[in-house]
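Take a look at the structure below.
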Amino acid sequence: MFGIFKKKSEADKLQDKYKKVMEEAYKLQSINRTDSDSKYKEADDILKKIDALKAQE
């Protein structure tokens, strides 16, 4: 009920960003392959940051 007042953790913020970048990469896949590949690389970097944060916990 009071979840709206809870602040997102850094991992949650990165997870949302990862999802957004993956969606962009998927949409670019049929239009421009090089841009799509760069988005997938960016998403992979975000995933590595998420894994590093979870490893610290």
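If you average 1/r across every pair of different Cα atoms in the chain and take the reciprocal, what Kirkwood value do you get, in Å? Every distinct Cα pair counted, the radius reaches 12.5 Å. Taking Cα atoms, how many degrees apart are the long axis of helix 10-28 and the longest axis of the chain, rounded to 10 and kept between 0 and 90? Computed tilt is about 20 degrees. Taking a straight line from the alpha carbon of Lys27, these lysines sit under 21 Å away, with near neighbours fewer than eight places off in the same chain left out: Lys17, Lys19, Lys39, Lys41. Rounded to the nearest 20 debye, the dipole size of the chain about its Cα centre is 220 debye, using +1 on the Cβ of Lys and Arg and -1 on the Cβ of Asp and Glu.
No lab work stands behind these numbers, since they all come straight from the coordinates. Quick caveat, the model's predicted, so the values are computed rather than measured. Please note: Cβ atoms are built from the backbone with ideal geometry, for glycine as well, and neighbour counts cover all protein chains shown.
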